[in-house]
Amino acid sequence: MEHLVETMNDTNSAPSRLVEARLDEIRKLLGKAEEDPLKIVGVGAGAWGSVFIAMLQENYGRFREKVSVRIWRRGGRAIDKGTAQHLFEVINSREELLRRLIRRCAYLKYVEARLGDRVLYADEILKDGFCLNMIETPLCPLKVVTNLQEAVWDADVVVNGLPSTETFQVFSEISKYWKERVNVPVIISLAKGVEAEFEPHPRIVTPTQMIYRATGIPLENILYLGGPNIASEVYNKEYANARICGSEKWRKPLGKFLRQSHFIVWDNSDLVTHEVMGGLKNVYAIGAAVFVLCFLGMVDTLTKESATSKSVYFAHCTSEMIFITHLLAKEPEKLAGPLLADTYVTLLKGRNAWYGQKLAKGELNLEMGDSIKGKGMIQGVSAVKAFFELLNQSSLSLQHPEEGKPVTPAELCPILKMLYRILITREFSCEAVLEALRDETMNDPRELIEIAHSHLFFQPSLLGQKP
């Protein structure tokens with residue numbers, strides 16, 4: 001059951017004593033001695049990871065003797081002159097930001113970079129509050145560490161802001177630095193991507209499962225936090241909410257610790273299913289943003305903003321999502337609200353929808369890869385690959401409703417199938433999304449929902465669970 005975390009009458013600016021009490025509660029749970037600060041470390045500095053750490057720094061950073069907040073990102077990433085010029089324009093358009101940099105004796109380097117007289121680096125500007133994937137939303141100054149061992153070896157709370165495609169590799173490296181640890185850290189994963197594996201049986205692998213495999217940290221200490229939000233809007237204090245999912249021991253106190261007046265945090269015990277749904281919505285936004293994260297953007301452009309055509313796409317992609325959730329969840333109805341909310345915000349402003357739009361306009365191409373300058377990793381691409389290849393396994397076959405022959409679940413999801421053939425095998429151009437919708441043999445999307453409701457579809461093994 002979901003619970004709204006208690007807030008003790010929050011106001012827009014929480015009283016210092018209330019914030020400090022929340023900090024003391026977490027410190028006590030983690031067994032921190034009075035003179036030992038709570039060490040919170042963000043791993044990965046994409047838009048959401050940077051915003052999350054900046055929010056913690058703004059809320060708790062004032063209690064320097066009790067908490068230390070820092071973020072790790074790889075060093076050496078140079079910023080091109082065009083980005084440096086844009087950054088300079090952002091700085092000079094905001095008086096408060098300009099004054100802050102002058103006070104910190106940091107303004108001159110941005111002038112020199114604007115003139116092409118020096119090179120700026122991503123870790124360097126992050127210290128001043130500029131995330132490379134979100135230049136137009138300056139954050140508070142952050143403590144940035146480029147040495148992974150230095151960042152994490154004694155961390156109490158680790159926030160995973162890495163894409164799913166990098167999570168296992170980086171946490172495998174982290175595990176080397178934790179071999180001598182006595183106290184077990186708590187890990188909060190923000191990653192929404194998923195991967196697929198096929199041996200010994202087909203299943204989805206989520207970022208929290210990758211972290212567990214890489215580090216051996218008990219699963220009760222690994223949590224997932226996600227929700228329908230856009231990083232820049234959350235930082236600018238637009239009203240938002242999220243769910244923190246995992247063991248009761250940690251999700252309730254952490255939900256309370258993370259909550260702010262504009263950022264509501266609910267808690268839920270169903271970690272893996274919510275994590276997988278976060279990846280699923282990324283799929284469908286690329287074709288109205290590529291499977292609900294990457295492709296409404298594509299349809300927006302190809303249909304010349306036709307509301308009617310977009311509604312057709314949305315009907316088909318939502319029916320496919322409903323069909324897939326019946327395979328992955330015992331009680332799929334409980335996921336309908338969160339999944340649609342997350343999908344909705346992604347289609348409005350998410351990077352996957354943006355990516356789909358740029359592909360359709362020809363401003364990006366698939367040869368550029370799925371890590372895009374100024375946006376970071378486009379998680380929807382790898383999610384399309386994972387979901388299609390998983391659901392195309394013959395061991396999951398069911399009877400075709402009309403033809404009466406065995407068919408894989410992927411064959412009943414024409415949008416997912418076409419997105420796979422556009423993005424992964426590259427057999428077709430973006431326009432094929434519309435051709436798939438115009439196929440006269442395509443079934444009414446209602447029929448796919450009826451199939452899902454009329455069969456006992458739930459396959460717990462797909463999430464690594466026992467039947």
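Taking each residue of segment 144-160 that is of a type in the set (Phe, Trp, Tyr) and looking for partners that are part of a helix (DSSP H, G or I) and at pLDDT 95 or above with beta-carbon atoms closer than 8 Å, six or more apart or interchain, yields 153/177.
All conditions but one from (1) at pLDDT 95 or above; (2) open to solvent by 10 Å² or more (accessible area, probe 1.4 Å); (3) touching a Phe, Trp or Tyr at 6+ places or on another chain (Cβ under 9 Å) apply to residue 175; the one that does not is (3). Within segment 178-217, the set of residues being β-branched (Val, Ile, Thr), open to solvent by 20 Å² or more (accessible area, probe 1.4 Å) and either at pLDDT below 90 or in contact with a Leu (Cβ under 6 Å, 6 or more places away or on another chain) (or both) comprises 182 only. Would you be able to tell me the number of residues in segment 413-426 that are more than 22 Å from the chain's Cα centre (by Cα) and either among the charged types (D, E, K, R) or open to solvent by 20 Å² or more (accessible area, probe 1.4 Å) (or both)? Qualifying residue count for the region: 6.
Let's see how each residue does on (1) at pLDDT 95 or above; (2) within 29 Å of residue 20 (Cβ to Cβ); (3) not hydroxyl-bearing (Ser, Thr, Tyr):
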position: 34; (1), (2), (3): no, yes, yes
position: 46; (1), (2), (3): no, no, yes
position: 82; (1), (2), (3): no, no, yes
position: 101; (1), (2), (3): yes, no, yes
position: 107; (1), (2), (3): yes, no, no
position: 121; (1), (2), (3): yes, no, no
position: 127; (1), (2), (3): yes, yes, yes
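Where helices (runs of 4 or more DSSP H) fall entirely within segment 85-141, those with at least 3 residues that are under 24 Å from residue 162 (Cβ atoms) are at 122-127. Checked against (1) outside any helix (DSSP H, G or I); (2) more than 22 Å from residue 184 (Cα to Cα); (3) touching a Leu at 6+ places or on another chain (Cβ under 7 Å), residue 64 passes all but condition (3). Looking across 111, 90, 51, one residue alone is under 30 Å from residue 227 (Cβ atoms) and out of contact with any Cys (no Cβ under 8 Å at 6 or more places or on another chain). It is 90. Taken over segment 356-392, residues that are charged (D, E, K, R) and assigned to a helix (DSSP H, G or I) amount to 5.
For the residues 349, 330, 385, 334, the requirement of being farther than 19 Å from residue 164 by Cβ and at pLDDT 70 or above singles out 330.
Within segment 263-281, if we keep just the residues that are touching a Lys or Arg at 6+ places or on another chain (Cβ under 6 Å) and modelled with pLDDT under 80, the residue that is surrounded by the fewest Cβ atoms within 10 Å (Cβ to Cβ) turns out to be 279.
The combined condition, being at pLDDT 95 or above, within 27 Å of residue 16 (Cβ to Cβ) and of a type in the set (Phe, Trp, Tyr), is not fulfilled by residue 88.
Any chance segment 41-60 includes a residue that's open to solvent by 30 Å² or more (accessible area, probe 1.4 Å), touching a residue at least 40 places away in the same chain (Cβ under 8 Å), within 30 Å of residue 115 (Cβ to Cβ) and in contact with a Gly (Cβ under 9 Å, 6 or more places away or on another chain)? So far as segment 41-60 goes, no, none of its residues is open to solvent by 30 Å² or more (accessible area, probe 1.4 Å), touching a residue at least 40 places away in the same chain (Cβ under 8 Å), within 30 Å of residue 115 (Cβ to Cβ) and in contact with a Gly (Cβ under 9 Å, 6 or more places away or on another chain).
The values are calculated or read from the model by the stated rules, or taken from the named source; none is laboratory data. Fair warning: this is a prediction, and the values are worked out from it, not measured in the lab. Cβ: placed from backbone, ideal geometry, glycine included. Neighbour counts: every protein chain shown. For accessibility, only protein heavy atoms count, side chains too; no ligands or nucleic acids. Shrake-Rupley method; radii C 1.70, N 1.55, O 1.52, S 1.80 Å.
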